[in-house]
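Working notes, beginning with the structure itself.
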Amino acid sequence: MSQPLSRRALLGLAAAGIGSVAIGTAGLQSRRWPPFGDGRRDDTPRAPWTQPAVIESRAGLLELELRAAAADVTIAGGAARMLSYNGAVPGPTLHLHPGDRMKVRLINGLEEPTNLHTHGLRVSPDDHGDNPFLTIRPGQAFDYEFELPDDHPAGVFWYHPHRHGLVADQVFGGLYGAIVVDGEDWSVSAPRVVVVSDTTISRGRVAVVSPMDRMQGRLGETVLVNGTVAPRLAAPGGGAQRLLVINACV
Ligand SMILES: [Cu+2]
């Protein structure tokens, strides 16, 4: 029953959120938005709130396998074939602390080359690090290793493929996930991770990217929040809620 959340409504929500910060590439800013507080009530039926699984570093190390492959997901009540990390859109949230080492085995289950980029992390681009010139071919696996400096700033980042010529298709297709660097213990108080993305689903598949869109970025017809359309997020009365917002629109 839920309807796709329009970009207008989305920005209204973003404006209503307190202390939320959007990080990422262009995409949302090219339209005009209604002023906040116009008195209208949004009665759109809401999907339940979900957020990606969290994988946290232990004793300075986060080790994981990320398998990029097509997956059947449900969007706005309909089945859609998207691209996924470990079968989910978005992929798992990676929780790191300054000084951590992260080892990622990227397995390419796609039908085209891919690679892995950790958007915004202050890590080396060399060798097995955040190297956009790597090409991981279909069926291949590659062991990445990222070392965060001890003074790495806390912040919200994200990962996605950075294989030139295929970035737009693969991110639009569903390949992205959050990275959070902080010194917090999430077992005590976990923030809400809010991954905002957009896509266009046509006949159960992600719409093909036009050459112009590939150059300029694009606006998908459907805005997703943690892979669902218009989820309802309940805020505790009288308390503060920390939202970590990632703009994964390309
Ligand atoms: Cu990026």
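The values are calculated or read from the model by the stated rules, or taken from the named source; none is laboratory data. Remember, predicted model here, so these are calculated numbers, not experimental data. Every residue, glycine among them, receives a Cβ derived from its backbone with ideal geometry; neighbour counts consider all protein chains shown. Accessible surface areas use protein heavy atoms only, side chains included; no ligands, DNA or RNA. Shrake-Rupley method; radii C 1.70, N 1.55, O 1.52, S 1.80 Å.
For the stretch 104-117, residues that are more than 16 Å from L166 (Cα to Cα) and either more than 16 Å from the ligand (Cβ to nearest atom) or not aliphatic (A, V, I, L, M) (or both) total 2. Every condition in (1) outside any helix (DSSP H, G or I); (2) at pLDDT below 85; (3) buried (at least 16 other Cβ atoms within 10 Å of the Cβ) holds for R214 except the one numbered (1).
Scanning the stretch 165-176 for residues that are closer than 23 Å to G87 by Cα and either assigned to a loop (DSSP other than H, G, I, E, B) or not β-branched (V, I, T) (or both) gives L166, A168, D169, Q170, F172, G173, G174, L175, Y176.
Condition check ((1) in a loop (DSSP other than H, G, I, E, B); (2) surrounded by fewer than 16 Cβ atoms within 10 Å (Cβ to Cβ); (3) on the phi > 0 side of the Ramachandran plot; (4) at pLDDT 90 or above) across all residues:
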position: R163; (1), (2), (3), (4): yes, no, no, yes
position: A178; (1), (2), (3), (4): no, no, no, yes
position: W186; (1), (2), (3), (4): yes, yes, no, yes
position: V196; (1), (2), (3), (4): no, no, no, yes
position: V208; (1), (2), (3), (4): yes, yes, no, no
position: V223; (1), (2), (3), (4): no, no, no, yes
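No other residue among A190, A240 is farther than 25 Å from L121 by Cα, open to solvent by 40 Å² or more (accessible area, probe 1.4 Å) and assigned to a loop (DSSP other than H, G, I, E, B) apart from A240.
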